[in-house]
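Have a look at the structure below before the remarks.
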Amino acid sequence: MIEAPRTMLLRSPFAALDFDAFHRAELPARLAAGNGRIAGRDARRRAPIAFALPDGRAYTFAAADAGIEIVPGSESAATIVELEARDWQDFVHELHTTAGLLYGRRLRFPRGSYADLELWEPALRAAFDGRPIYDPAGFELRDADGAPLDPNERFTLDDGADRLHRFLEQAGFLLVKHVFSAAEVAALARAAERLAAAATPGDRASWWARDGAGKDVLCRITYAGRRSAEVAALDDDARIRALGTLAGADLRPAPDRCDGHSIVIKNAAVVEGLSDLPWHRDCGLGGHPIMCPNVQVGIQLDHANAESGQLHFLAGSWRTSCHRDDIESAARRHVVALDTEPGDCTVHFGDAMHAAPPPRGHGPGRRALYVSFFSERVFSLIGPGQGYNDVLLSRDDGLVEATH
């Protein structure tokens, strides 16, 4: 068993915000500097929303000709979000998102609902930070020469780091073929099978789901490198290092935190638990300015396709905020489903919108072994054995709750 702290000891790197000063001076300045223009188009689709503290202070966000206007009070708001000052501050800093506040039970809605805040969040992120909002009608991927980028392009290590880097920076993911030999994959698969055989619900080193027959099924092994020399050795593999540092040489593997080396195991007919993942970002509950950029390198241990379960990506989404209904609009042009073979490696940014839908078949699902690369910021703010989402997602029965 691997024990992890029951309480997350995350230390915030951000200065405290004053609720009134932020809404009266700091945020209006950000909006006037350009954030209002970015946020305004999306805000015009929403009814006014207010943020209120328990002491009664409140400010309403509403669409305006210049983008967004901030009005004291909550009388005109269709939705009122009430939360403690610390939780409001963490939301502004994106230490918690709308989903993180919900699953942390840190907000109330005297008027309106969670869905209203979720719809507002892309415009709020644009207002706070200037982050663009994904536009399925006007979004284009371009290569280094300005030509249209094919999101279905595939690579090998022989294509060189510069070319891989350019594609990853645009699309947010890439597929590199034939990185590991059949013998190497077989050795890693045997290690995965040993770890799976030893896993039990509640061991704090595995995630479990439940199938339609009521059976607990293993869907993820975490901290695999602590119990497998073959897995631990991947941190020093030159191929994995090359892929994991495509976004910057300052990124390094995190074997002792943020789930360490993890092995994803797809199962058919899961009805409960976090086995099949809807569209999400790895920082979807919060922590984007701490956790990102991070790069996930996935070694494919089995064939991945629609029958066995495969990853889907929304190309270019890592640079933006995104509404879920816009993903459907973008599906034909920018949603990519990755068919892979054993020994292939997927590489993606944790904040790229991605999904892992249920396998369509009834046989064994795919397995993939992930090595996660993070910046030094993660190592200074998140302690060993800790993960950003642990407190919000873990249940006493060993299952992991779905967030959407």
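The values are calculated or read from the model by the stated rules, or taken from the named source; none is laboratory data. Worth saying up front: this structure is predicted, and the values here are computed from it rather than measured. Cβ: placed from backbone, ideal geometry, glycine included. Neighbour counts: every protein chain shown.
Does Ile263 count as under 22 Å from the mean Cα position of the chain (by Cα), under 26 Å from Lys177 (Cβ atoms) and not in a helix (DSSP H, G or I)?
Details: under 22 Å from the mean Cα position of the chain (by Cα): yes; under 26 Å from Lys177 (Cβ atoms): yes; not in a helix (DSSP H, G or I): yes.
The answer is yes for Ile263.
Annotation note: Cβ proximity below 6 Å between a residue of segment 219-236 that is touching a residue at least 24 places away in the same chain (Cβ under 8 Å) and a residue that is surrounded by 17 or more Cβ atoms within 10 Å (Cβ to Cβ) and basic (Lys, Arg) (sequence gap 6+ or interchain) occurs for no pair.
Of the listed requirements (1) farther than 18 Å from Ile290 by Cα; (2) buried (at least 16 other Cβ atoms within 10 Å of the Cβ); (3) touching a helix residue (DSSP H, G or I) at 6+ places or on another chain (Cβ under 9 Å); (4) not hydrophobic (A, V, I, L, M, F, W, C), Tyr114 misses just one: (2). The criterion of at least 1 residues that are at pLDDT below 95 is met by the following helices (runs of 4 or more DSSP H) wholly inside segment 1-105: 36-43, 85-92, 98-103.
Phe109 satisfies every condition listed in (1) free of Cβ contacts under 8 Å to residues at least 40 places away in the same chain; (2) assigned to a helix (DSSP H, G or I); (3) among the aromatic types (Phe, Trp, Tyr) except (2).
For Leu174, state whether it is in a strand (DSSP E or B), within 24 Å of the chain's Cα centre (by Cα) and modelled with pLDDT of 95 or more. Considered against the rule, which asks whether it is in a strand (DSSP E or B), within 24 Å of the chain's Cα centre (by Cα) and modelled with pLDDT of 95 or more, Leu174 comes out as yes.
Does any residue of segment 70-81 turn out to be small (Gly, Ala, Ser), surrounded by 13 or more Cβ atoms within 10 Å (Cβ to Cβ) and within 24 Å of His323 (Cβ to Cβ)? Let's see the steps before the verdict.
Of segment 70-81, the ones small (Gly, Ala, Ser) are 73-74, 76-78.
From what's left, surrounded by 13 or more Cβ atoms within 10 Å (Cβ to Cβ): 73-74, 77-78.
Still in the list and also within 24 Å of His323 (Cβ to Cβ): 77-78.
The answer is yes, given that some residue of segment 70-81 is small (Gly, Ala, Ser), surrounded by 13 or more Cβ atoms within 10 Å (Cβ to Cβ) and within 24 Å of His323 (Cβ to Cβ).
Just one residue in the set Ala224, Ala247 is assigned by TED's automatic domain parsing to the domain that holds Gly286, buried (at least 17 other Cβ atoms within 10 Å of the Cβ) and under 14 Å from Leu195 (Cβ atoms); that residue is Ala224.
Sub-6 Å Cβ pairs linking a first residue in segment 144-156 that is under 14 Å from Phe173 (Cα atoms) to a second residue that is in a loop (DSSP other than H, G, I, E, B) and modelled with pLDDT under 85, at least 6 apart or interchain, are Leu149/Asp143, ordered by first then second residue.
Just one residue in the set Glu376, Glu328 is out of contact with any His (no Cβ under 7 Å at 6 or more places or on another chain), modelled with pLDDT of 90 or more and over 26 Å from Ala189 (Cβ atoms); that residue is Glu376. The set of residues from segment 174-201 being closer than 22 Å to Phe155 by Cβ and of a type outside the set (Gly, Ala, Ser) comprises Leu174, Leu175, Val176, Lys177, His178, Val179, Phe180, Glu184, Val185, Leu188.
Scanning segment 197-207 for residues that are of a type in the set (S, T, N, Q) and either surrounded by fewer than 18 Cβ atoms within 10 Å (Cβ to Cβ) or free of Cβ contacts under 8 Å to residues at least 24 places away in the same chain (or both) turns up at least one hit.
Counting only residues that are acidic (Asp, Glu) and either over 17 Å from Asp325 (Cβ atoms) or not assigned by TED's automatic domain parsing to the domain that holds Glu75 (or both), segment 97-129 holds 1 of them.
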